[in-house]
1. Within region B:162-185, take every residue that is buried (at least 24 other Cβ atoms within 10 Å of the Cβ), hydrophobic (A, V, I, L, M, F, W, C) and within 18 Å of A:P157 (Cβ to Cβ) and give me the one that is nearest to the other protein chains (Cβ to nearest Cβ).
2. Considering region A:137-148 alone, what residues qualify as being surrounded by 23 or more Cβ atoms within 10 Å (Cβ to Cβ) and either more than 19 Å from A:R89 (Cα to Cα) or of a type outside the set (G, A, S) (or both)?
3. Out of A:G107, A:G127, A:G116, which single residue is within 14 Å of chain B (Cβ to nearest Cβ), surrounded by fewer than 16 Cβ atoms within 10 Å (Cβ to Cβ) and at pLDDT 95 or above?
4. Restrict the check to region B:82-91 and report whether at least one residue is in contact with a Lys or Arg (Cβ under 9 Å, 6 or more places away or on another chain), more than 30 Å from A:D245 (Cβ to Cβ) and assigned to a loop (DSSP other than H, G, I, E, B).
5. On the given criteria, is B:T289 in a loop (DSSP other than H, G, I, E, B) and among the hydroxyl-bearing types (S, T, Y)?
6. Give the residue, chosen from A:E282, A:E265, A:E278, A:E230, that is among the charged types (D, E, K, R), within 22 Å of A:T25 (Cβ to Cβ) and in contact (Cβ under 8 Å) with a residue 60 or more places away in the chain.
7. Check off (1) within 27 Å of B:D196 (Cα to Cα); (2) in contact with a Pro (Cβ under 7 Å, 6 or more places away or on another chain); (3) away from chain B (no Cβ under 14 Å); (4) buried (at least 21 other Cβ atoms within 10 Å of the Cβ) for A:A83 and give me the number that stays unchecked.
8. Of A:R149, A:R205, which residue is free of Cβ contacts under 8 Å to residues at least 60 places away in the same chain, in contact with a helix residue (DSSP H, G or I) (Cβ under 9 Å, 6 or more places away or on another chain) and away from every other protein chain (no Cβ under 11 Å)?
Protein chains: 2
Amino acid sequence: MSDGGPGDGDGGDGVLSRLSLNQETVRQWSLPELADGCARAGVRGVGLWRAPVRDYGVAAAARLVRDAGLEVTSLCRGGFFTAEDPGERAAALEDNRAAIDEAAVLGTGTLVLVSGGLPPGSRDLSGARERIADALAQLAPYAAGRGVRLALEPLHPMYAADRCVVSTLAQALDLAERFPAGQVGVVVDTYHLWWDDTVGAGIARAGGAGGAGSRIAAFQLADWVTPLPEGVLLGRGQLGDGSVDLRWFRERVDAAGYRGPIEVEIFSPALWARDGAEVLAEIVERFATHVR
Amino acid sequence: MSDGGPGDGDGGDGVLSRLSLNQETVRQWSLPELADGCARAGVRGVGLWRAPVRDYGVAAAARLVRDAGLEVTSLCRGGFFTAEDPGERAAALEDNRAAIDEAAVLGTGTLVLVSGGLPPGSRDLSGARERIADALAQLAPYAAGRGVRLALEPLHPMYAADRCVVSTLAQALDLAERFPAGQVGVVVDTYHLWWDDTVGAGIARAGGAGGAGSRIAAFQLADWVTPLPEGVLLGRGQLGDGSVDLRWFRERVDAAGYRGPIEVEIFSPALWARDGAEVLAEIVERFATHVR
């Protein structure tokens, strides 16, 4: 490559070539703008979200991205498995089968799962976690038959009530390890896990022998900045702006045998207000400085 | 007691008589209003904060509370040990010695410590945690000499960057156990710990044999409600309004041998906007329903 993209000048270690851009980081871009912008910047992977992909058309999105020479590194997201009502549970499973089908059409082997919070009025965290295991048991073989691995994402404990009762990498692994490694993996996301002094041990555990047994299905980056905004959903920081030792995470994940894409997923109104190409160029530069 | 206070009708298990009201829960009350209000409601313990106590005068506050027949169950707070600058560290130690002295004057054996976040620009969580241990080593004998135990409080991981790098009960115990149990204990606060599937094991570990070895220096209650407000400091829920299984916590702490006060500490603008006596009556009622 000679276009100044991240594949250049990475000293042969290949880390920059693993950079993938999650679509929500530049939500100001349409899907064609995303494909074009990544291709121009030499970024070879994109993480996609279901809603914009469905709006564009799943098959058309797959073609668009493929024609731009990009790999879809993950699809976000399935999950929300914790309802107690049988009708809601059936609907969630059906929706997750649709998400698996969409991932297969997009050619990605990774469907990210946000497991769901507590049902209204419930205080039973362990019951909710068991319902996640039940859902995985039903979905994992279906996904495997379509070449898709389910990627359980532990979310920061501040989301435990309303979004995801799986709050640590250890919890995610406890669930994933009930299933074959090729069917259920985990997501290592720096934003959610950075505070945990057991996360290094969890990454090593997730890596297993670093070969076929590896549970690391995706590795995502965002930085932690304060103060958190109301609702705490959209306050993630640009790489290098916050408290997370991103390189430490990358080295741990590498040491665990992971060789896959490194996806940048930052939900930030400040980034969304800027020119997408400028944001992406800044990400490439920050990635080289703080991750590589 | 025959004034309808919480000592009445608790079936002889004594749980209601252990209710203590943390001052910040009813910050609309002056210190005399707090003393009078608790005495009228039959609540026998109060948790105090340094700033309002100093404004009133430490010795005068001690007299006021004692004359109302109340026990000071804890003083909030010391801590903020994580600065790297030597001058800042010395100032923090000096301020903590003053807090210990104030606790001794108030007659409480428990000084709650919020350990501090990352220094500006730092990403070194383990270094910050070591500086906490260094500060405890300097302060614990001084506190013990004045009959005060240091109570390390693990705060929710959402405060790890800017307030407290001690995020789990296991981390707090790892630090506390470097010191004699009579010198350094831990705070079990439901708001900070409810999401953690290892907290039950942590409480049992903190209890030790349930006797002199117990590390549980304070037990505090608040409920978890969403959405979180900007800055995530003042969004705690009234007992029973949120996701926390408060009775589960109380039973675990009891099983670990803890027999001390159960302090209600809720930071909530919605409670502060109401009549203090009405808020306290509601707390007593909720405590009977959700904790006892």
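The values are calculated or read from the model by the stated rules, or taken from the named source; none is laboratory data. What you see is a predicted model, and the numbers here were worked out from it, not measured in a lab. Here Cβ is always computed from backbone atoms with ideal geometry, including for glycine, and neighbour counts include all displayed protein chains. Each accessible area value is taken on the protein alone, full model and side chains, heavy atoms only, with ligands, DNA and RNA left out. Shrake-Rupley method; radii C 1.70, N 1.55, O 1.52, S 1.80 Å.
1. Selected residue: B:V165.
2. A:L139, A:V148
3. Only one candidate qualifies: A:G127.
4. No, region B:82-91 has no match at all.
5. no
6. Within the list A:E282, A:E265, A:E278, A:E230, the selection yields A:E265.
7. Status for A:A83: all satisfied but (4).
8. Result of the check over A:R149, A:R205: A:R205.
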